[in-house]
């Protein structure tokens with residue numbers, strides 16, 4: 001006999017499939033759903049779960065990215081800062097401005113992230129506020145090093161921010177607009193060559209931080225791939241496996257989340273094997289605009 005949990009899981013799967021079919025049927029550009037992600041954050045990722053560490057590093061070949069918590073809030077983690085980063089990058093590309101206006105109504109902004117405002121200690125408003133403080137109080141160090149060259153960049157994400165919160169009246173507009181001013185270096189990073197993504201896909205994948213990492217990375221990596229390539233699971237674990245000590249555990253989790261991504265991005269020519277992930281040249285999920 002099916003349990004209520006089984007029924008809920010089935011409904012979630014069916015909704016996920018319906019979302020995938022809708023996205024396949026309608027071009028993101030026509031739907032006004034084209035968004036962007038920063039290149040640095042598609043090549044190395046943030047923590048998946050809460051950590052007491054104040055510094056987090058990921059390695060992708062010769063590229064290393066570290067996120068450092070500058071204040072008491074700690075490091076950003078989970079799905080919310082990933083969705084926030086996509087929103088910030090998309091707005092910066094769209095407005096061509098370092099100063100971003102989050103709006104006067106908290107609920108309106110949360111709808112942009114496909115979040116329903118709920119109060120209380122564990123509510124969505126509290127979680128969003130915590131992750132915004134973590135993300136906007138972080139510094140990033142990106143470094144590339146090979147046999148002939150060392151190069152890097154260091155930047156804070158936000159030069160300053162002013163966020164107004166009304167947890168008990170999320171629909172009510174504040175007297176003051178919530179604003180975020182990106183640092184010049186971060187603004188340059190996210191607007192020079194951003195990775196186009198479908199915002200509807202990010203929202204559909206929002207339950208999984210790993211899937212939110214795989215999707216933009218895959219569309220970015222496949223966009224410039226000229227010949228078939230393979231990536232050992234151990235190398236992928238260094239990039240994505242924030243919470244897995246054993247490679248076989250990471251591999252199983254990655255493949256499971258990859259299935260969700262490929263449902264949304266069926267053009268991706270990707271094949272997992274026992275020892276590696278095989279990639280073949282594929283169209284990016286959202287075509288890059290040529291200037």
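Structure notes:
- Global form of the range 208-251, assessed from the alpha-carbon gyration tensor, a/c cut-off 1.5: oblate
- Mean Cβ count within 10 Å, highest first, over the residues of peptides 209-218, 183-192, 141-150: 209-218, 183-192, 141-150
- Relative packing of 251-264, 114-127, which averages over residues the other C-beta atoms within 10 Å, highest first: 251-264, 114-127
- One decimal place: the segment residue 274-residue 259 gains 3.8 nm when fully extended, by the rule 0.36 nm per residue minus the C-alpha distance.
- Across all C-alpha atoms in the range 190-291, the radius of gyration and Dmax reach 13.5, 44 Å.
- Gained length - residue 181 relative to residue 193, 0.36 nm times residue gap less alpha-carbon distance: 2.4 nm
- Efficiency of FRET from Cβ geometry, residue 111 and residue 160, R₀ 22 Å, rounded to 0.05: 0.30
- Between residue 227 and residue 101, the simple spin-label model (points 7 angstrom out along Cα→Cβ) gives 5.2 nm.
Where a number appears in this text, it was derived from the coordinates with a stated rule and is not lab data. Model, not experiment: these values are computed from the prediction. Neighbour counts run over all protein chains shown; Cβ positions are idealised from the backbone, glycine included.
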